Amino acid sequence: MKITRIEVLHSKEPTILPIPWRAAWRGPKATPITSFEFSFYKVYTDEGLVGYGPNTGYADLGGLIGADPCYVEAFFDQHMSGRRSGNSGRGGAGIEIAMWDILGKAAGLPIHKLLGAMTDRVLVYAATSRLMEPEETAEHIEHIAELGFRAAKLRLHRPDPWDDVEVVEAVRDVVDDDFMILVDANQNNVGEGYTFWSRRTAQRIAQALDDLDVYYLEEPLPRQDIEGLADIAASVDMFIAGGEHTPTVYDFCEHLQRGAYDIIQPDVILGGNYGITGVRRAAILADYYGRLIVPHVMSGAHFPLGIAASLHVMASVENCPVLEFGFDPPILTAETTQKVLKTPFMVEEDGCVPVPQGAGLGVELDEEQLEVVTSFEG
Ligand SMILES: [Mg+2]
């Protein structure tokens, strides 16, 4: 099989958000996001199969014409991170995902079955994105729970971290005991006016959250502070999670060896180095150390194919307890982040999202909303 043509498809019109989006991880002085635009790769082959991937800015699309899309491992090794951080930053993930889509279509199987399936349903958590007052947050999470979610993630990033704890207390009071509360301190992000925690603060806040039966605390310290993270992880029952900015699979080794992360969080798209191959390898690496994986999944324009690829790869491993699902109405909803999908992903009564059963990624884009902005062919 050979790649004969690659198109970049882009939204004809931006998706306007109902209210401006002030995401907690962007810092208090960042300009709010008011719209976003979808962008995808459409990869054609000489056998008539067509694969789709998110546009991750791969530098040499023209150079892929004539390549065999079956050689996913070779592409991962030579054009993505492989074993070497030095090869990072080339944005190959979107192409790698399109290659898996083609492979699945060639085999007549959804990707999770091609990989060797573990399950057909994946538990997801509603990843909220904003800082709101305790009462408002509690009502918001109650509403999310009514929609079927059995888990939700809150943002911790108020100027006084004890105000963050108050928000978690308010939510704990209104949800069932078995509802999973996850929290993200986003201490690996930067932004003007951003508040950073010292090791001591992180330790004290972690203790308070542990007492509130929080399932995991994400990024209480920057990922480089392996010693500080390991100290916190050793001192609480709650899991310590992190690693959405970790450049390659192999950069997780030290965190796992030294006990800095109980849960690792690579992303199929973010940074462009993982794709399905890299996240699956990360899951296997974590399993070797008896640890878990809860992949980061980007919200916004990368969500449709990011969640599709993540569902498939996590349905093929046994150490993923829950998966990120950006949901924060009225901003992050099926009408906004999944507008371009003919059938949006929806959470069902048990808090799970069914893994698509169609061949490849098993999703269909509404190409009426998209236009070809660039194309390459042999
Ligand atoms: Mg995070």
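Here, each number is a calculation from the coordinates, and none is a lab measurement. From a predicted model like this one, the values you see are computed outputs, not experimental measurements. When we count neighbours, we look across all protein chains shown, and the Cβ atoms used for this are built from the backbone with ideal geometry, even at glycine.
The conditions are (1) more than 25 Å from Arg150 (Cβ to Cβ); (2) among the acidic types (Asp, Glu); (3) within 16 Å of the ligand (Cβ to nearest atom), and Glu192 fails exactly one of them. Which is it?
So the condition that Glu192 fails would be (3).
What strands (runs of 3 or more DSSP E) completely inside region 301-378 contain at least 1 residues that are under 18 Å from Phe40 (Cα atoms)?
Passing ranges, in order: 370-377.
Yes or no, residue by residue, for (1) at positive phi; (2) in contact with a helix residue (DSSP H, G or I) (Cβ under 7 Å, 6 or more places away or on another chain); (3) surrounded by 18 or more Cβ atoms within 10 Å (Cβ to Cβ):
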position	(1), (2), (3)
Ala315	no, yes, yes
Cys320	no, yes, yes
Pro329	no, no, no
Leu341	no, yes, yes
Val347	no, no, yes
Asp350	no, no, no
Pro356	no, yes, yes
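Please work out which residue is farthest from the ligand (Cβ to nearest atom), limiting yourself to region 239-271 and to residues that are of a type in the set (D, E, K, R) and touching a Leu at 6+ places or on another chain (Cβ under 8 Å).
Asp262
Restricting to region 338-369, and then to whatever is touching an Asp or Glu at 6+ places or on another chain (Cβ under 9 Å) and among the polar types (S, T, N, Q), can you tell me which residue is farthest from Ile16 (Cα to Cα)?
By that ranking, first place goes to Gln357.
Looking at (1) more than 16 Å from the ligand (Cβ to nearest atom); (2) assigned to a loop (DSSP other than H, G, I, E, B), find the lone condition where Ala170 falls short.
It fails just one condition, (2).
Scan region 102-129 for residues that are surrounded by fewer than 18 Cβ atoms within 10 Å (Cβ to Cβ) and assigned to a loop (DSSP other than H, G, I, E, B) and jot them down.
Within region 102-129, Gly108, Gly116, Ala117, Met118, Thr119, Asp120 meet the criteria.
Among the residues in region 217-226, are any over 17 Å from Asn189 (Cα atoms), away from the ligand (no atom under 16 Å from the Cβ) and surrounded by fewer than 18 Cβ atoms within 10 Å (Cβ to Cβ)?
For region 217-226, residues over 17 Å from Asn189 (Cα atoms), away from the ligand (no atom under 16 Å from the Cβ) and surrounded by fewer than 18 Cβ atoms within 10 Å (Cβ to Cβ): absent.
Being within 15 Å of the ligand (Cβ to nearest atom), of a type outside the set (A, V, I, L, M) and assigned to a loop (DSSP other than H, G, I, E, B) is the filter here, so list the residues in region 275-300 that pass it.
Pro295, Ser299, listed by residue number.
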